[in-house]
1. Among Cys590, Cys349, what is the fewest-to-most ranking by other Cβ atoms within 10 Å?
2. Over every pair of different alpha-carbon atoms in region 417-556, take the mean of 1/r and invert it; report that Kirkwood radius in Å.
3. Rounded to the nearest 5, what is the percent of antiparallel bridges among the DSSP beta bridges in region 359-641?
4. List the GluC sites (Glu not before Pro) in region 345-445 that DSSP assigns to loop (not H, G, I, E or B) and whose Cβ has at most 15 other Cβ atoms within 10 Å. Which are they?
5. List the residues whose amide H sits under 5 Å from the amide H of Met846, counting only those 5 or more places along or on another chain, with H placed 1.01 Å from N in the peptide plane.
6. How far, in nm, would the chain grow between Met375 and Gln263 when pulled straight, counting 0.36 nm per residue and subtracting the alpha carbon separation?
7. Past the 25 angstrom mark, what percentage of all C-alpha to C-alpha distances in region 6-224 do you count?
8. Using the count of nearby Cβ atoms within 10 Å as a rough guide to exposure, how do Thr315, Thr48 rank from fewest to most?
Amino acid sequence: MRKLPALFLLLLLCGASWAQVKPVQLADSLFSTYYHQRATHFRNLPHTRGDIIFIGNSISDGGEWSELFADLRVKNRGISGDTSPGVVNRIGEVAARKPAKVFLMIGTNDLVRGISPDSLLQNIFWLSGYLKEKSPATKLFVQSILPVNDSFGKFSGHTRNGQVIQEVNAALQAAAPTRGYTYLDLHTPFSDASGKLNASYTNDGLHLNGDGYTFWKHLVYDEVYGLQEKPSIIPKPQQLQWTGGAFPLYKSKTIVVQDPALQKEAERLRSMLADKGLKVRIKEKAAPGEPHIALVLEKTDAPRLQAEAYTLAVTNDKVQLKANTAHGIFNGLQTLGQLMRDGAVIPGCEVRDWPAFGWRGYMVDVGRNYQSMEMLKEQIDVMARYKLNVFHFHLTEDIAWRLEVPRYPQLTAPEHMARNKGAYYTVAEMQELIQYCKDRYITLVPEIDMPGHSAAFTRAMSVDMQSEEGLTYLKNILNDFCDTYDVPYVHIGGDEVKINNKDFLPQVTAWLHERGKKTIGWDPGGNLDRATIRQLWMKDGATNPDHTYIESRHLYLNHMDPLEAVATIFSRQFSDRVAGDSTVLGATLCLWHDRNVHRQEDVLLMNPVYPGMLAFAERSWQGGGHEKWIANIPADQPERVQEFREFENRLLDQRQSYFQNMPFPYAAQAAMNWKLFGPYKNKGDMTASFAPERKSFKGKKPAAEAVGGTVVLRHFWHPLVAGVLEKPEENTTWYATSRFWSDVDTTGFFWVGFQNLSRSYNSDSPAAGTWDDRGSAVYLNGQLIAPPRWKRPGQKGNSEVPLLDEGYEFRAPVAAPVKKGWNTVLVKLPVGSFKGKDWQNPLKWMFTFVPSGSEAGAGNELIKEEQLVN
């Protein structure tokens with residue numbers, strides 16, 4: 001390729017400014033035939049959304065990027081022999097696509113062709129300015145020029161430039177903060193001890209081999225997908241230390257297992273690796289020097305629950321997972337699966353881990369809303385990934401009886417069901433679910449609610465369950481159940497019913513105990529015997545040392561909005577314990593969606609199932625937590641804000657890595673800081689205006705502060721669940737204000753809402769033209785954000801009328817203009833009486849405002865999250 005004219009370089013130097021960066025078009029004769037082949041090909045390829053583009057010379061050109069990442073969004077725009085002027089000449093094609101991210105590596109050919117380091121730098125700075133102007137939402141990553149190695153005796157013009165390459169890289173790194181790109185140092189990890197290109201990654205001293213590209217993938221994987229540098233693990237292990245080494249997973253072809261008891265876990269690991277495109281064998285011994293993964297049953301010390309404990313050691317040549325039992329190995333595999341997120345390299349680490357609570361449960365109510373086997377298995381799979389070990393299956397309700405009883409087919413007859421008529425689980429399906437759980441070390445706990453919540457039984461059998469005849473039928477049902485299903489527990493319900501037959505529950509539990517079953521009942525509830533485990537759902541906690549408890553108080557997802565759910569569950573201390581003991585086994589997270597739904601998936605979208613489950617998994621495995629129940633992130637305790645922020649970062653990584661095509665209603669909120677001003681006495685006039693609405697308002701000293709995308713001023717269970725205001729007053733108005741930064745003028749998408757409706761109460765939908773019945777309002781940069789055009793404005797609460805758009809998490813985000821620089825949010829929060837108009841419409845004084853990132857409400861990419869200044 002001919003040397004580029006000095007005039008062109010001078011033009012670039014003079015034109016390297018931030019404003020009005022004009023495209024450059026050079027003469028075709030300056031570039032090779034191959035350059036034009038590639039460049040014209042790129043121009044003709046279809047435009048797609050969300051592209052991640054690798055652009056540069058032959059080193060980028062050589063990467064099969066979409067296959068390497070198993071992601072069609074990752075595109076190759078490398079051209080062998082290219083220089084920085086060549087990229088300048090064709091960057092318009094890239095900018096026109098408005099890609100999400102661009103990874104640029106250029107310069108080694110510039111240096112060998114006599115282009116000075118300063119000219120090279122100015123060209124790269126020009127490229128950064130041009131992309132920022134033409135595609136401001138695109139994130140540019142400038143990758144360092146790779147090291148070179150002269151020991152191969154090839155490309156001497158390149159391999160003699162080792163020192164100048166380091167000088168250019170240092171200048172690129174120094175300029176990154178002011179030039180608007182992110183600098184990625186690949187030079188250091190690709191270098192050997194002498195600073196040359198590591199010979200294991202090249203066969204000519206300049207270009208990369210297959211191992212080099214795989215290593216490159218590992219180094220930039222977190223930036224490609226917006227993750228933290230190290231793999232994020234939920235639940236966080238009790239002890240985790242990064243050691244600095246790295247295991248080449250892509251080289252590992254062997255799983256070593258000597259104990260036959262671990263064959264199933266070895267097969268599980270082989271399947272996990274196959275999902276990442278890696279083919280391995282299971283052997284009793286690895287070849288000398290062969291990188292491998294070993295699963296070992298060996299004495300593993302832990303302060304509690306040793307059957308579930310494990311240790312994991314990742315070194316440069318071996319991954320060794322040890323445990324006392326196959327269950328412990330299974331738990332370790334879930335951690336290992338998250339560590340090998342990129343399918344290429346596992347960071348070196350040492351893990352010693354065990355659970356704080358032995359009972360880590362999740363409950364679904366299928367009596368009210370039937371769920372398919374496929375959807376149930378999806379939830380069980382997520383449970384297993386995050387080490388939950390109890391699946392509480394609420395099978396019977398007033399609405400419907402969902403479990404087949406061959407002796408009494410009328411129980412599951414369509415005419416005796418109020419919803420999803422004719423939908424139930426056959427004996428074979430129930431056995432399949434039990435085994436599906438067992439295969440994942442999960443205990444299925446079936447609940448047959450008795451004697452309450454039994455209207456479906458009464459309709460089918462024409463008798464009351466508490467009658468003598470009803471009890472006879474029930475014993476037949478339970479007898480068949482015990483003969484048919486291999487489960488250790490039977491949950492008998494026992495709550496929310498007037499007990500007419502005092503012998504009913506004692507007879508049922510005694511009979512089940514005789515059949516070898518352990519029993520569980522709700523507390524408060526009926527007259528349970530001492531041997532029956534109490535599952536707490538309200539009022540007092542685990543106060544009787546003679547009883548055994550499971551905590552479920554304030555763990556009902558159906559009463560929580562997504563952002564509140566993660567904050568409050570993460571903060572929890574189960575039954576005032578930091579770990580399980582002989583009185584408190586653990587806790588169960590519950591999903592009661594009382595209202596009807598249009599489609600079964602709405603249960604997972606309208607309730608924060610997966611984000612809530614991950615917060616619960618963290619707390620039930622880690623233990624600890626904090627006393628009292630709160631609805632918000634405590635702004636006055638910086639250490640707890642930081643603790644939550646650290647967890648949220650891991651939670652967002654999990655969403656990005658494992659929930660791309662699944663409902664995961666959550667948005668980053670830990671960076672949202674609010675100043676609250678009030679109280680202003682409104683005397684019952686919700687329209688009354690006060691000082692914060694005036695442009696002249698300064699408001700230097702707020703009356704309160706808050707952190708989070710959802711802020712609860714007063715919970716409907718106040719004072720049991722604390723809101724931001726210590727002493728909330730009726731007939732007052734409060735204001736909340738915040739600021740966020742945007743790099744560009746754009747359209748922002750936001751989750752905005754007030755009093756997110758519970759999915760259990762039959763609350764009324766907001767009236768047309770309002771956010772709620774309190775006169776709440778929100779302003780962005782002084783402009784009022786209009787409430788949605790509700791699909792059913794003013795709809796009276798009715799359990800058979802599904803919610804449609806009442807919750808911000810299941811309606812389209814609000815679109816509003818955002819300006820470059822600081823943007824100001826003002827939320828007006830009037831309140832009258834704290835008493836709802838009836839028990840179905842409790843008052844939860846709250847608001848939500850958080851960037852959602854896109855029209856679909858997923859992610860927070862549009863607006864920077866270094867959010868608000870005090």
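The numbers here are math on the coordinates, done by the rules we state, and not lab data. Treat the numbers as computed from the prediction; the structure is a model and nothing was measured. When we count neighbours, we look across all protein chains shown, and the Cβ atoms used for this are built from the backbone with ideal geometry, even at glycine.
1. Cys590, Cys349
2. 16.1
3. Counting only bridges with both partners in region 359-641, antiparallel ones make up about 5 percent.
4. Those that pass, being in a loop and sparsely packed, number zero.
5. Leu713, Gln755
6. 37.5 nm
7. On the way: 8184 of 23871 pairs.
Every Cα pair in region 6-224 considered, those over 25 Å come to 34 percent.
8. Working: Thr315 16, Thr48 11.
Ranked by crowding around the Cβ, least crowded first: Thr48, Thr315.
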